[in-house]
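Beneath this line is the structure, given in structure tokens, with notes to follow.
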Amino acid sequence: MKRIAWVLVLFSVLTVSVFAQPKQGSTLEAVRKRGYLIAGVNSSNAGWAYLKSNGSYEGFEIELAKALATAIFNDPSKVQYRPLTSKERFTALQTGEIDVLIRTATFTLTRDTDLALNFTTPYFYDGQSFLVRKDSGVKTIDDLDGATIAVLTGSTGEITLSDIMAARGLKYKPLLFESLEELKNAFFAGRADAWTSDKSSLAATASSYPNAKDYVTLEATVSKEPLAMAVRHGDDGWYDIVQWTLYALFLGEEKGITSANVDKIKASSKDPEIQAFLGVKDALGQKLGLSPSWAYDVIKKVGNYEEVFNRYLGPGTIFNITRGLSVPWTKGGLLYSPPFK
Amino acid sequence: MKTLSDEPGPKTGARGWISRVAGRAVFWARTNLFGSWFDSLLTMATLWVAASIVSRGLLPMAALDWSVIRDNLKLILTGSYPEPQLWRVWIAVLYVSLFGGFSFGGAGGRMPRSLAIVAAAQCFLFLAPISTSSKAYVACGIALQLAGFFSSRLLDARARAWIAGAAWISFLPLSFFLAYGMTGPDGWMPVVATNYWGGLLLTLMISLTSIALSFPLGLLLALGRRSSLVLVRAASTCFIEVVRGVPLITILFIAYLIIPLALPASLNPSVFIRAMIGVIAFHSAYMAENFRGGLQGIPRTQYEAAASLNLSKGKTMVFVILPQVMKRMIPVLVSSFTGTLKDTSLISIIGLLDMIGISSAIVSNPEYMTSSTQVLVFMAAIYFVLCYSISSASYRLEARLGVTTTKAGGL
């Protein structure tokens, strides 16, 4: 009797593992069949991705997910957001729990290879710096010798910090935090002399603090932090869709096509690239597996890069983040879309 | 000018009463607060500490802008749970109201104090600035609670026990069913994926489920550890010791990372399920050790007495040993239940938006970025109310079962 039970158990384990082999289907197909996109996002990064009072997600990175959903479904609401911490974000992508990761992930060689990810072109060019009290007299990184420096654990900032301090032979005491919220409270309560993070994040957080003018970000940028969307290795078609959706936002800004004037431009423009872009002729979308009007839908329902940026991070918001290199190449920046041909 | 104090005559009326009370107060203060120089020193120090807590802690806190709580109440209670589907959560709340009132019915002749407190709290909630539909639900809850209370008194004790038992056992499966849903997006009860659950809803779902499941699992593990079958004993001991030797955070990370890699992709369980598996594994190991302690406290003579009545091993356990173990273990169980409730706050580190996770999400909203104190204080208050009601319920249970003779605490 006992033996029969064991055989049964073994058999059931085998059947489960045989029939439940991961399917190597295309992500686009899976997303279409499911009826919505699953995006891995942050839930508590002011301006970039956060929860509104009614429980819906909002922010610059959320708009990128909405743009992707619009490209696929022509409906910005067809996204399920999966809140992720900085530690688990890549695992969630590897295990297939999410389709795309849009969570202030820095594009690095190790992540691209070891973690088997494909990064898109960066959607924001960030860089690490330090926030200090104005009256501390700290002007350069060398002034931070012996300082207590607050940093988020699991971020590239933590590694960069130890690298640059070691390279300059400076001693420091790291104060590690799991969440931005704890770090903020500790830093503004004076538990650390400096706080290191990406400039955008420092600006965003400092601006919310009542005594924001008592703090200053150091001039020096000590690292390159290109923030990019990521997908899994092994599905190039899906990668193309994510990549070209971002290019569509770039091109929209470059050509001055906004959600307000896109209908007019579509009707009147003689520029062959714009005609191809908006699906007037050359159904470029079909080459990606999308509808011919996908880029028009994205611009119409979500907006171009500038619109999306200004909605949550731009001069009209309390953050007023300087775009730095994240402006179109025509204005001397790095946002460059290959031709839509 | 003639003042009151210049008036001659005996100290009668209100003035006399005041001076008597004042005299008594001075006498009491002299004997209790300023009896010796050391007592006086202690009194002054305590007063100073109390005054600084009030002036630096409580007064500034009361002066803060608390609108963040009112505006985000929905987020704190249910997270991103879609608004049109909130009625399902309300039904679960109403279910608790009805059977909560029902279970109180057996408590005694008049309305028990705890029911009165709950009703008063609900009336207070009714007056709070919440939406009209929420008020309707709260009013409905009060009515159902009273209905449950009075209807249960029409029944005899046996029927009451059966109905209450069945209702509470089916509560968790029912609330899961309600919260998760069953139909497609256009049906009357669309599925709400667990990553939209949040706040108090998520905290309660995870902690109540792990309390409900770690209890029987812990009992099985404890019995397994005492089993005469080598394999069972070794497996139970190994599980208990390994799990108890690792912090909960590590267990949660293991559950988060290993489960999806170990299982085929098509079975990939949601983070909610993974967190729950981790929390349940952790608490059942602790529960097993609690039970082992309880089992060891039963004198050998009880087993011998049962054996002399020709009871089988199983019957001895179920009818003789376990009832005694349960009764003794109430205080331990309650403290581990409150521990479980509070431990669930750790799930926020694997990205679940429980009450702690949701509080950092709220203060990331540009509108509320400076309100973290208010949010955290409110979360602490919710945790306190939950844990305090669990422990006061257990004091009542202990008193009724006659486990303790000393009066346990209580405000």
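For region A:161-181, a reduction of at least 10 Å² in accessible area between the chain on its own and the assembled protein chains (probe 1.4 Å) is found at A:Glu178, A:Glu181.
What percent does the relative contact order of region A:128-223 come to when contacts are Cα pairs within less than 8 Å and at least six residues apart?
Details: 148 pairs, mean separation 47.4, N = 96.
Value for region A:128-223: 49 percent.
Estimated at the nearest 10 Å², the accessible area of B:Tyr95 is 40 Å² with a 1.4 Å probe.
The angle separating the long axis of helix B:372-401 from the principal Cα axis of greatest extent in chain B is about 80 degrees.
Heavy-atom surface analysis with a 1.4 Å probe gives region B:200-383 a carbon and sulfur content of 70 percent of its accessible area. Panel note: contact residues of region B:58-83 (accessible area lowered by at least 40 Å² against the chain on its own; 1.4 Å probe) correspond to B:Leu75, B:Ser80. For the residues of A:41-51, the average number of beta carbons from a partner chain within 10 Å of their own beta carbon is 6. DSSP bridge analysis restricted to chain A gives an antiparallel fraction near 55%, rounded to the nearest 5. If you take the alpha carbon atoms of region B:200-383 and fit the smallest convex hull around them, that volume is 141 Å³ per residue.
Protection proxy ranking, highest mean first, for peptides A:129-139, B:114-124, B:31-41: A:129-139, B:114-124, B:31-41, where packing is the per-residue count of other beta-carbon atoms within 10 Å, averaged. Accessible-area rank, largest first, for B:Arg70, B:Arg226: B:Arg70, B:Arg226, with all protein chains present and a 1.4 angstrom probe.
Ordering A:Leu161, A:Leu170 by accessible area with a probe of 1.4 Å, largest first, what comes out? Write out the running numbers ahead of the final one.
On the way: A:Leu161 0, A:Leu170 25 Å².
Order by accessible area, largest first: A:Leu170, A:Leu161.
Normalised per residue, the accessible area of region B:336-408 is 43 Å², obtained with a 1.4 Å probe and no contribution from ligands, DNA or RNA. Summarised in one figure, the compactness ratio Rg/Rh of the protein assembly as shown, Cα atoms and Kirkwood Rh, is 1.04. Accessible surface buried at the A:B interface totals approximately 2900 Å², computed with a 1.4 Å probe on protein heavy atoms.
Stokes-Einstein diffusion for chain A, with the hydrodynamic radius set to the Kirkwood value over Cα pairs and evaluated at 25 °C in a medium of 0.890 mPa s, equals 112 µm²/s.
Based on protein heavy atoms only, region B:79-192 ends up with 56 Å² per residue of surface accessible to a 1.4 Å probe.
Amide H to amide H, with H built 1.01 Å from N, A:Tyr123 comes under 5 Å of A:Leu227, A:Ala228, A:Met229, counting only residues 5 or more places away or on other chains. Around the amide H of A:Gln80, modelled in the peptide plane, lie the amide H atoms of A:Leu37, A:Ile38, A:Ala39, all under 5 Å away and 5 or more residues distant in sequence or on another chain. Solvent exposure of region B:234-306, expressed per residue, is 44 Å² of accessible area, with all protein chains present and a 1.4 angstrom probe. Amide H contacts under 5 Å for B:Gly181: B:Val192, restricted to partners 5 or more places along the chain or on a different chain, H placed in the peptide plane at 1.01 Å from N. Does any residue of region A:77-111 lose at least 50 Å² of accessible area with all protein chains in place compared with its chain alone, and if so which ones (probe 1.4 Å)? Correct list: A:Gln80, A:Arg82, A:Glu88, A:Thr95, A:Glu97. Between region A:66-103 and region A:176-193, the alpha-carbon centres lie 29 Å apart. Distances over 24 Å make up what percent of all Cα-Cα pairs in region A:66-157? Summing the P(r) tail past 24 Å for region A:66-157 gives 42 percent.
By accessible area, using a 1.4 Å probe on protein heavy atoms only, chain A has 56% of its surface on carbon and sulfur.
FRET efficiency for B:Val232 and B:Val49, Cβ-Cβ distance as r, R0 = 56 Å, nearest 0.05? Display every interim value, and only then the final one.
Working: r = 56 Å, r/R0 = 0.99.
The value I calculate is 0.50.
Our helix-only sum for the protein assembly as shown, with -39,500 (n - 2.57) per DSSP H run of n ≥ 4 divided by its residues, gives a mean residue ellipticity at 222 nm of -18000 deg cm²/dmol. Peptides A:326-335, A:101-110, B:369-378, ordered by how many other C-beta atoms sit within 10 Å of their residues on average, highest first, read A:101-110, B:369-378, A:326-335.
The values are calculated or read from the model by the stated rules, or taken from the named source; none is laboratory data. Owing to the predicted nature of the structure, the values given are computational and were not obtained by experimental measurement. Using ideal geometry, Cβ is built from the backbone for each residue, glycine included, and neighbour counts are taken over all protein chains shown. What goes into the accessible areas is simple: the full protein's heavy atoms, side chains included, and nothing from ligands, DNA or RNA. Shrake-Rupley method; radii C 1.70, N 1.55, O 1.52, S 1.80 Å.
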